Structures are given as C-alpha cells and as structure tokens.
C-alpha cells in the first residue's frame, strides 16, 4: 500500500553508484588530480531549496538551456544513529520514494559546482512512498523515464553496484543518520536531456506497487 511520504530532513545524493555511470567516468578516474578510482562513497547534499513536488514546474537556472533527468529511487530513514551493519541498515529503512535528481549538464567527475545540482527545484520528490517491508526484494525495482509520453530511458536495480542496505551502511561510516533523512540510489547513464516545455514522467515499479513523479521544465526569467 502506498502512503504519503513524511517530511524530509537531509537528502544525500550519490555519484558513481551504478555500473553505467561508473563505466562512463572510469577513463577519467586515474587522471589528475585524483589519479585513482574512489574507494569511499561519492556523495553530496540536496538542500531543502531543491525539493519540488509532483506536478511542479522546474525552472531552468540562469545560463542553462538543458537539464539532465536523474531518475532514481530513494531510501527514507527512521533512525537517529550510526549504522554498523547491513542488517542494521535494512532495519533503518522506512519508505521507498521516487525522485528526479535534476542537474545541469557538466563534465565534473567528483565535485561538480553546487550551482549544477542545487538550484531551486532540483530534486523532484514523489508525494507517495511504499513501505520498505512491502518491497524488500529490491532486485526487481525499475523506473521508466518518459519525456512527452515517450519512453527514453530506464533505471534498474540490476545497474546498482551495491545493494541498497550496503550503500546505506557505507554512507553511514561518514554520516550520523537522522529520522527523515533520505539517500538517493544514483542514476543510470546516460541521463536523458530535456529542454523548456518538456514534460518528464518517472514511473517506478516496486513489486506490486507503482509510484509516479511528473514535472515540467520551464524557461527561466
């Protein structure tokens, strides 16, 4: 049964969490200044000004003519603690939601400038969620990406490098989780690009449950 998503606290995004995104950036990982692939989660925060609702319009930020669609699923948490193991992490998950981690196209690998992923409205969040206990078999999750009613891509759990509870635990090695926090599970690559006037619908299939998030891109002032 779907339920309203509770109020959010801090939302953490992840990069290089999918095989497709890792493969895209792999040739650059050994270049300066890092000179090696990351061994810890690559994460960023989506501040509260980025939160936008189902049905909202997302405005192109100044200087941008396109946005990348960052279809993903997210784990909403119910704890105020560090997580010490995968089982503890799994017990901390309360809901699954669908999100659109909008970004301005860029070529930054690890730490792109904040203006590319933290502009107003840059995180679409579904109004509804599914309790974790109803969809704990994460291996079958998928998200269809439609632009103007035409499917242009898909996010699948098979593309994840790590199981969701393991991602949560590894992030917890660097983060003190709080109730209401949310972890985005990363995007598939390539990300579809859209322009002003495009309508983007994300449809998540979670076992017997379906979630949808639809937003429209609008030109800036």
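The values are calculated or read from the model by the stated rules, or taken from the named source; none is laboratory data. None of these values were measured; they are calculated from a predicted model. Please note: Cβ atoms are built from the backbone with ideal geometry, for glycine as well, and neighbour counts cover all protein chains shown.
Scan region 138-158 for residues that are outside any strand (DSSP E or B) and within 15 Å of residue 205 (Cα to Cα) and the total you get is 6. For residue 121, the test of being in a loop (DSSP other than H, G, I, E, B), closer than 17 Å to residue 45 by Cα and free of Cβ contacts under 8 Å to residues at least 24 places away in the same chain is failed. Residues in region 1-33 that are touching a helix residue (DSSP H, G or I) at 6+ places or on another chain (Cβ under 9 Å) and at pLDDT below 85: 1 alone. Within region 102-118, the residues that satisfy the criterion of being part of a loop (DSSP other than H, G, I, E, B), at pLDDT below 95 and under 19 Å from residue 50 (Cα atoms) are 105, 106, 111, 112, 113, 117, 118.
A single member of 158, 219 is out of contact with any helix residue (DSSP H, G or I) (no Cβ under 6 Å at 6 or more places or on another chain), exposed (fewer than 15 other Cβ atoms within 10 Å of the Cβ) and under 20 Å from residue 23 (Cβ atoms), and it is 158. Restricting attention to region 182-211, the residues that are outside any strand (DSSP E or B), over 17 Å from the mean Cα position of the chain (by Cα) and within 17 Å of residue 141 (Cβ to Cβ) add up to 2.
Of the residues making up region 63-79, those that are surrounded by 24 or more Cβ atoms within 10 Å (Cβ to Cβ) and in contact with a helix residue (DSSP H, G or I) (Cβ under 7 Å, 6 or more places away or on another chain) are 75, 77. The residues on offer are 41, 61, and the sole one that is within 22 Å of residue 104 (Cβ to Cβ) and in contact (Cβ under 8 Å) with a residue 24 or more places away in the chain is 61. Is it true that residue 146 is modelled with pLDDT of 95 or more and over 21 Å from residue 43 (Cα atoms)? When the stated conditions are applied, residue 146 passes them.
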